[in-house]
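Rule-based calculations on the coordinates, nothing more; no lab input. From a predicted model like this one, the values you see are computed outputs, not experimental measurements. Don't worry about glycine lacking a Cβ; one is built from the backbone with ideal geometry, like all the others, and counts go over all protein chains shown.
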Amino acid sequence: MISQELLDILVCPACKTKVVLEDSLLVCHGCGRRYPIRDGIPVMLIEEGDRLRLPDAER
Ligand SMILES: [Zn+2]
């Protein structure tokens, strides 16, 4: 699990919106991208976010 302190500084690399932890994914409500956490390390890469992007997100 990742710390609240870390969460507080994490932003979506695509749109700079703060991400929130949901179901062990970091979700950007700005653009709908979702970022995985691997071995406790958030993977904040746009291409990863694209892969897990919410299907109902536009743009
Ligand atoms: Zn975003």
Log entry, pairs with first residue in the range 12-38 being free of Cβ contacts under 8 Å to residues at least 24 places away in the same chain and within 14 Å of Arg51 (Cβ to Cβ), second being of a type in the set (Lys, Arg) and in a strand (DSSP E or B), beta carbons closer than 9 Å, six or more apart or on different chains, reads Leu26/Arg34; Cys28/Lys18; Cys28/Arg34
Residue by residue through the range 12-38, note down the ones that are under 9 Å from the mean Cα position of the chain (by Cα), under 18 Å from Ile2 (Cα atoms) and among the basic types (Lys, Arg). Lys18, Arg34
State yes or no: is Ile41 among the aliphatic types (A, V, I, L, M) and more than 10 Å from the chain's Cα centre (by Cα)? yes
Counting residues that are within 11 Å of the ligand (Cβ to nearest atom) and of a type outside the set (A, V, I, L, M, F, W, C), which strands (runs of 3 or more DSSP E) fully inside the range 1-53 reach at least 1? 34-38
